[in-house]
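The values are calculated or read from the model by the stated rules, or taken from the named source; none is laboratory data. It should be emphasised that the depicted structure is a prediction, and the values quoted were computed from it without experimental measurement. Please note: Cβ atoms are built from the backbone with ideal geometry, for glycine as well, and neighbour counts cover all protein chains shown. The area values use the complete protein model at the heavy-atom level, side chains included, leaving out ligands, DNA and RNA. Shrake-Rupley method; radii C 1.70, N 1.55, O 1.52, S 1.80 Å.
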Amino acid sequence: MKQPHIIMISADQLRYDVLGKGFTPYLDALARESICFDNAYCTCPLCVPARGSMFTGMCPNTTGSLINPWEATDAHAGYVKEGIDNLYTILERNGWDCLHSGKQHLFTAGKRLENRSDLKIKWLSTEKTYREYLKQNQVRIPGGPQFRSPVPEMLDRTHTIFTTCSNADTGCYEPGGDYYFDGYFTAEALKGLKERDRSKPLFLSAMFLAPHPPFEIPEPWFSKYDLEDFELPENVGNWYPHQSPLQLYNVTGALGTHYRKNEWRESWRVYLGLVSYLDRCIGQILGELKAQGIYDDCLILFTSDHGEMLGSHRLFQKMCMYQESAKVPLYLRLPDCEAGGGRKIPDTVSHLDILPTLCRYLGLKTNPAVEGRSLLPLFYGDTLPPRPAFIQYDGNSCLSAYQRCVVDGNYKLIMDVFQKETFFELYDIAEDPQETVNLLFEHQGWETARRLYTLLTEHMRATGDSLECSDYQLEEFLQYIAK
């Protein structure tokens, strides 16, 4: 049997709720041909550990990739452990011509994947080659000090350090689209598609940076939308009375609370321009597949590593468990649309399920330790037993601010931990999708919270979570708010 070409496309920091509203015509067309999962979640709202799970089918506790390994002291916690298979290694071993263009944040066995000599992946472009490209052309990288703000992080769980992260400020990148991150990544991907080994099935990993900040973006995308062209979600710019105050110790709160509601509108205007720029880049890749006559022979998967708060709950960036950060788009188009396009599947699913689903469809073996499950039965009208999604966060580039979350059906329980303090939130995400009412403080859903907490702690123990949890933490919190 002839194996299909596989095109895996990922955005970075894309909110699920900006799709299907006219900003993304190419992705909307792809959705009409795809099976779309309406309740898909990342395993961690942070770039490196999220991709560790996407490509291995294992949660961060299992892979060992918990944070972005930017600070040397805690960098050991950013790498997928040695000996764990990933989608690249599986497909290369089974005969696919593996190409990668774009952001490369799958770090394995103590090094970046592209630095491993045992792999024959064609690295068309990475962030390193992008910087080299700019240097050759004497062009500056987008962003700069004015697009970064100071934030605290706790190094080695013992002391606070000063660092900076991208803020929500906006500007026009004058060098233009040819020198912007995704303009370069797209050009290299198109070149690689033209020069691929046509005797083998193709695997293209197209990992875009957009719409990740900095929000200094090129024309015409910077000016594409006016402030009147969209409506802000109701929760943008609002800090709700019973959301976790521990967020103020995290990057999201340190960045987001400085902006007023009217200032968020400008950030949204430019963010949506960047979303449309991403859409055009994806359209160019899909257009090349059609030009080569292989589009209908492709299995195309589209997702985002995580979302973006963009002012919701008065927070910025990701790194938290609210829907805007943790929920992701997930489209899967089968060759010749064999399972029918435009189907929406309401089941709760996880990025853990990507690898086992692809491997089962392709008839490839996976490691028995893989924690995700194949979603293939859902493609053909069968059912799967309901299964909760678990999400975790262990800090940005340091092991510090901890959050754990379980989503089960219509309910979400969040556990936020900083130092010796724990704060819980419970939301009915069907009735309250913007998570404005923490049901625990309404003295509602306490039994639901207890059930979810049991699921969460059982998962943490089963996966060897380093965060200690007792059977009494939730009860102590409930007693506190009952006073």
Under 13 Å from a point placed 7 Å out from the Cα of Lys344 along the Cα-to-Cβ direction: which residues of the range 9-29 have their backbone N that close? 17, 19-21
Set of aspartates and glutamates with alpha-carbon distance to Lys103 below 13 Å, sequence-local pairs under 8 removed: Asp12, Glu114, Glu127, Asp182, Glu188, Asp305
Compute, for Thr170, the solvent-accessible surface of its heavy atoms (probe 1.4 Å) with the complete set of protein chains present, and express it in square angstrom to the nearest 10. 40
Compute the distance in nm between two label points, each set 7 Å from the Cα along the Cα-to-Cβ direction, one at Asp226 and one at Cys172. 1.7
Extension gain Ser470-Glu421, at 0.36 nm per residue separation less the Cα-Cα distance, in nm? 16.3 nm
With a cut-off of 8 Å between alpha carbons and a minimum separation of six or more residues, what is the relative contact order of the chain in percent? 25
Name the shape class, rounded, prolate or oblate, that the alpha-carbon gyration tensor gives for the range 168-211, where a ≥ b ≥ c are the square roots of its eigenvalues, rounded holds for a/c under 1.5, and otherwise prolate holds if a/b is larger than b/c and oblate otherwise. oblate
So how long is each side of the chain along the principal axes, counting just the alpha-carbon atoms, biggest first, in Å? 69, 49, 43
Which value, in Å², gives the accessible area per residue of the range 142-273 when a 1.4 Å probe is used on the protein heavy atoms? 43
Mean Cα-pair separation over length for the range 136-286, i.e. relative contact order, pairs under 8 Å, 6 or more apart, %: 31
Hey, if we sort Tyr271, Tyr225 by accessible area with the 1.4 Å probe, largest down, what's the order? Tyr225, Tyr271
Roughly how many nanometres apart are two label points built 7 Å out from the Cα toward the Cβ at Asn262 and Arg116? 5.3
Relative contact order of the range 88-209, please, whole-number percent, based on alpha carbon pairs below 8 angstrom and at least 6 residues apart. 38
Counting every C-alpha pair in the range 223-270, the percent lying more than 18 Å apart is 37
Entries of Lys21/Lys290; Lys120/Lys327; Lys290/Lys344; Lys81/Lys128; Lys2/Lys122 with Cα pairs more than 28 Å apart: Lys120/Lys327
Once both labels are modelled 7 Å past Cα along the beta-carbon direction, what's the Lys194-Leu478 spacing in nm? 6.4
Other-chain or far-sequence residues with amide H under 5 Å of Arg148's (modelled H): Asn167
